[in-house]
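The values are calculated or read from the model by the stated rules, or taken from the named source; none is laboratory data. These numbers come from a predicted model, not from an experiment. Heads up, the Cβs are rebuilt from the backbone with ideal geometry, glycines too, and the neighbour counts pull from every protein chain shown.
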Amino acid sequence: MTIAKSSIQSKTIFTSLTHSFHTNTKLTDKKYIKHRMFRESCLLVEGNYLKDLNVLGRDLSQAVLVDNSPHAFGYQVDNGIPIESWFDDPNDTELLKLEQFCATLHGVKDVRSMVRSKFQTYKLIRDA
């Protein structure tokens, strides 16, 4: 999943699930999420769905990509924030764990150096 950040905290769901995916959670509620992108916008590379943030048409210095698959970060590694997988777990708190860190990104000229330093996603990809 990708969360694109701007000065007004614009959020975009970018999932490798197909467009037919639908759920009634706050994450897919239009009140919270204004834009959605699906598998059709991912790039299939050697059996992995990679998310190229350029398709968002936004300033990548102000975007983070949150995903449970290190491969998803392939094109913009320094925008990548890894999380644990959570499938059908109503008690999942993975995104809540990021709330404090994401608040520190507000007003930062380029979030990538902070994301790279905190999460070191490049190491996860190297070691995958």
Can you tell me which residue among Lys97, Lys123 is of a type in the set (Lys, Arg) and in contact (Cβ under 8 Å) with a residue 12 or more places away in the chain? Lys97
Per the filter on the stretch 73-93, residues of a type outside the set (Gly, Ala, Ser), crowded, with 16+ Cβ neighbours inside 10 Å and part of a loop (DSSP other than H, G, I, E, B) are Tyr75, Gln76, Ile83
Picking from Ile13, Ile3, which residue would you name as being modelled with pLDDT of 75 or more, crowded, with 18+ Cβ neighbours inside 10 Å and farther than 17 Å from Asp88 by Cα? Ile13
Filter result for Asp78 (closer than 24 Å to Leu17 by Cα and without any contact (Cβ under 8 Å) to a residue 12 or more places away in the chain): no
What are the residue pairs meeting all of these: first residue in the stretch 50-67, first residue touching a residue at least 12 places away in the same chain (Cβ under 8 Å) and under 14 Å from Lys11 (Cβ atoms), second residue in a strand (DSSP E or B) and not hydrophobic (A, V, I, L, M, F, W, C), Cβ atoms under 7 Å, and 6 or more apart or on different chains? Leu53/Thr2; Leu56/Thr12; Leu65/Thr2; Leu65/Gly80; Val66/Thr2
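Here is a yes/no grid of residues against (1) at pLDDT 90 or above; (2) charged (D, E, K, R):
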residue	(1), (2)
Gln62	yes, no
Phe87	no, no
Asp92	no, yes
His106	no, no
Taking the stretch 94-128 and keeping only residues that are of a type in the set (A, V, I, L, M, F, W, C), in a helix (DSSP H, G or I) and surrounded by 11 or more Cβ atoms within 10 Å (Cβ to Cβ), one is left with Leu95, Leu98, Phe101, Cys102, Leu105, Met114, Val115, Phe119, Leu124, Ile125
Pair list, Cβ under 6 Å, 6 or more apart: the stretch 21-48 residue at pLDDT 90 or above, other residue of a type outside the set (D, E, K, R) and part of a loop (DSSP other than H, G, I, E, B): Cys42/Ser16
For the stretch 50-72, name all the residues that are buried (at least 18 other Cβ atoms within 10 Å of the Cβ) and part of a helix (DSSP H, G or I). Leu53, Leu56, Leu60, Gln62, Pro70, Ala72
If I ask for residues that are surrounded by 14 or more Cβ atoms within 10 Å (Cβ to Cβ) and among the hydrophobic types (A, V, I, L, M, F, W, C), which ones from the stretch 39-49 would you list? Cys42
